[in-house]
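Read the structure below first, then the notes.
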Amino acid sequence: MTIEEAIETALEFEKKVHAQYEAEAKNASDATAKKIFATLAQEEQGHVAYLESRLAEWQKDGRLSPERLRTVLPSAARIRAGVGRLRARAGKQAGSHDAELSSLYRALAAEDETSAFYLKMVRELPAEGQSLFSRFLEIEDGHAAIVQAEIDNVKHMGFWFELKEFDLELG
């Protein structure tokens, strides 16, 4: 795959995930899930704009400048650390939010699929393409961690990262 084809394919992934997150934000009944989906939709729209600018630059100049892709989310490492603490402390209580969980599991699958594509690009493209897609891989892994944390939240495990959301003893 060429760098141009990779960028065009990445645009398809990002547009698809953006549309999915927008729809999920509109349909979510859980306020936190709604906020997460809206934030991720905004983030994915930023990815679309970034990729469109990279594609235009590539088509015009045949090169990519080192413009860094920004994110509003914490680093993947920080998210994973918080999720790890969440899981270590949380019990295994099942919630009754089947619709929310279905949406979140679809989102997680979309993030996993997108991350797999970016990982493939990092492994297969020349250095210029690798540097473009390695940042996407880092960010998409963070998105997956956020979605997983929200799955835990919707299951009512009692903590969002390190913040206790409710106390079973207090009701």
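Each value in this text was obtained by applying a stated rule to the coordinates, not by laboratory testing. Note that the structure is a prediction, hence the values are computed from the model and not measured.
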Per the rule of 0.36 nm per residue minus the C-alpha distance, extending Asp61 to Thr39 adds in nm 4.6 nm
Net length gained if the chain between Thr9 and Asn27 were fully extended (0.36 nm per residue, minus Cα distance) | 3.7 nm
